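Read the structure below first, then the notes.
No lab work stands behind these numbers, since they all come straight from the coordinates. A quick note: this is a predicted structure, and the numbers were derived from the prediction, not measured. All Cβ positions, glycine included, derive from the backbone under ideal geometry; neighbour counts span all protein chains shown.
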Amino acid sequence: MFEKVGPVGGDKGSPFDDGVSNDVMKVTVAADEFSITYIEILYAKEKEGRYETIKHGTKRGEIKEFLVAYPIESIIAVGGSYDHIFTYDTTLITSLYFTLSNGRKSPKFGKTSGTEFLLKGESGGKLVGFFGRGGQAIDAIGAYFATNSRGPQKLESHGGGNGGA
C-alpha cells in the first residue's frame, strides 16, 4: 500500500511517473543557477532482487549524490522550493533535500527560492517512488510513500489469570 503526495511546482514539461519500488538507495541531483535540472534515482525493486535507475530532466550544472544506507535507513520526507523563473517564463523546482528515518538530512540541492514545500506520508512511511513533470529541468515533483510503516504501538496484555501462580 502507498499514498501519492503532490505534485508541487509548475505545469509545464512532460509528465513522468516512476511507479512504486521497495526503497530508494541513492539520489543524484543537478542544479544550475536557476533550478533543479536533473534527478536520477536508484531504486531497489521489491522481491525481484534487482535495482533500477531512472533519470529525469537534463544533466547540467552542479551535480551531487546522496546515498541512503539501505536497508538500515529510508527517506521519509522530500523538501525543497519552487519558484517562477522569469528567464524561462515558467515555474520550476529550485531546491531539494531529503530527510531520513533516523533524522539525518541530505545536503540541500539547488538554491531555496519562492515557495517552500515538504512532501511526506501521513503514516510516516518511507519514500518508494517519484512522479512529476520535467524536460530541460524539473518542473514539478511528487512522491509515493509506503503506508504500511508503523510507529510504536501499545500492546495489550493477554493471557490467563495469575501468571502461573
Legend entry - Top positive-direction residue, dipole computed over the chain with Cβ charges, set Thr94, Ala44, Pro7: Ala44
Legend entry - Backbone HN-Hα couplings from phi across segment 35-42 [Karplus 6.51/-1.76/1.60, Hz, Gly and Pro as x]: 7, 6, 9, 7, 9, 10, 10, 9
Inset, instruction - Please report the orientation-averaged projected area of the chain, defined via the convex hull of its C-alpha atoms, in nm². - result: 12.0 nm²
Inset, instruction - Of all alpha-carbon pairs in segment 1-83, indicate the percentage at a distance above 14 angstrom. - result: 69 percent
